[in-house]
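Please treat every number below as a calculation from the coordinates, not as lab data. Worth saying up front: this structure is predicted, and the values here are computed from it rather than measured. As a convention, Cβ positions derive from the backbone with ideal geometry for all residues, glycine included, and neighbour counts pool all protein chains shown.
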Amino acid sequence: MIRTSLPHVFRPSPNIEPRKGGVKPDILLVHYTEMESAQAACDWLCDPASKVSCHYLVDEDGSIVQMVDEAMRAWHAGASSWQGESDINSRSIGIEIQNPGPRFGYRAFPDVQMRAVIALSKDIIARNSIRPERVLAHSDVAPGRKIDPGALFDWHLLHEEGIGHWVAPAPIDDGAGLMAGDSGSEVERLQSVLAGYGYGLPVTGIFDARTTAVVSAFQLHFRQERVDGIADRSTVETLDRLVAALDQVRSAGGGRQVQSR
Ligand SMILES: [Zn+2]
């Protein structure tokens, strides 16, 4: 049984199975619950009828519930892909963060909750050797279908704590952008950079609905000030900086070591 070493309650979910192909988790996937309370979320994630589950749930007061052994496959990602891999559940450990979400009133994540998310993430990352660029939002792996944990989730704070790959977004200006209906080599370049980073996006040279969805997903994680699916100058520059920073990390011989506190 692989459990967090942090204080927690263990409430086992029946919605589990072995990881397919015996793969080890190398993605940390972040969600919000979109439920009215953590208790309601916990009940749902432990209900055999729901067919969903998650390894951890972090309430707004910072308390942690573990529901699934990290060695097991939980059911939180759904139809997803990253870096060409589609069985994200087998490859990931999932954290559900209590937030009512747009259905019940999306709101800021309290500081005490973020502190617990940070401590838990450090613990999971250290134990599973998860690389910074594989700490992902549900929206990253399921663009157009999922938007959690959304534009209020503080990826910058996580990065300051040594969690995840992130760069400061380029400022928004009046620079023209690529958008739905555009086509050509610039669109092709944008798509290939997004796909190269990991997003599930065919490189067609046509700015289609899928491209809008992926650009929105990118903005939800990396340029949260404006999430509109338009690849404006700030969005493209932020993406280019992000990829360049990743190349630097890789050429330096691996990611930063995250210390558990
Ligand atoms: Zn989710």
Exercise for the section: Compute the acute angle (0 to 90°) between the alpha-carbon long axis of helix 233-251 and the principal axis of greatest extent of the alpha-carbon atoms of the chain; round to the nearest 10°. Expected result: 60
Practice task
Return the single residue from Ser251, Ser63, Ser37 with maximal mean-square fluctuation; model: Gaussian network over the chain, springs between Cα atoms under 10 Å.
Solution key: Ser251
Exercise for the section: Could you calculate, for the chain, the ratio of the Cα radius of gyration to the Kirkwood radius, expressed as Rg to Rh? Expected result: 0.96
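Using DSSP to call loops (not H, G, I, E or B), can you name the trypsin sites (Lys or Arg not before Pro) in the range 54-112 whose Cβ has at most 14 other Cβ atoms within 10 angstrom?
Numbers: sites: Arg73, Arg91, Arg103, Arg107; in loops: Arg107.
Hits after loop and neighbour filter: Arg107.
Restricting to bridges with both residues inside the chain, how much of the DSSP beta-bridge set is antiparallel, in percent to the nearest 5? Provide the component values of the computation, followed by the final result.
Details: 9 of 23 bridges.
So the antiparallel bridges amount to about 40 percent of the total.
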Completion exercise
For the range 12-17, in residue order, the Karplus 3J(HN,Hα) values (coefficients 6.51, -1.76, 1.60; θ = phi - 60°; whole Hz; Gly and Pro = x) are x, 8, x, 8, 9, 7
Problem - Max mean-square fluctuation residue, GNM over the chain, Cα-Cα springs under 10 Å, options Ala49, Ala119, Ala151 - result: Ala49
Exercise for the section: Measure nothing fancy, just the Cα-based angle from helix 209-222's long axis to the longest principal axis of the chain, in degrees from 0 to 90, nearest 10. Expected result: 60
Exercise for the section: Evaluate the Kirkwood expression for the hydrodynamic radius of the range 167-209, namely the inverse of the mean inverse distance over all pairs of different C-alpha atoms, and round to one decimal in Å. Expected result: 11.4
Fill in the blank from the handout: So, relative contact order of the range 185-251 in percent, Cα under 8 Å, 6 or more apart, is 25
Completion exercise
Which of Asp247, Asp87, Asp148 fluctuates most in a GNM of the chain (C-alpha springs under 10 Å)? That residue is Asp247
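For the range 47-174, what does the alpha-carbon gyration tensor say about shape, rounded, prolate or oblate, given a ≥ b ≥ c as the root eigenvalues, a/c under 1.5 as rounded, and a/b over b/c as prolate?
On the way: a/c = 1.27, a/b = 1.21, b/c = 1.05.
Cα axes put the range 47-174 in the rounded bin.
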Practice task
Restricting things to alpha carbons, tell me how big the range 1-73 is in terms of Rg and Dmax, in Å.
Solution key: 12.2, 37
Completion exercise
Contact order relative to length for the range 128-186, counting C-alpha pairs under 8 Å separated by 6 or more residues, stands in percent at 29
Practice task
Classify the range 185-251 as rounded, prolate or oblate from the Cα gyration tensor: take a ≥ b ≥ c as the square roots of its eigenvalues, call it rounded if a/c is under 1.5, otherwise prolate when a/b beats b/c and oblate if not.
Solution key: oblate
Completion exercise
Longest principal axis of the chain (C-alpha) makes with the long axis of helix 111-128 (C-alpha) an angle, in degrees to the nearest 10, of 90
Exercise for the section: Give the relative contact order (percent, whole number) for the chain; include only Cα pairs under 8 Å separated by 6+ residues. Expected result: 20
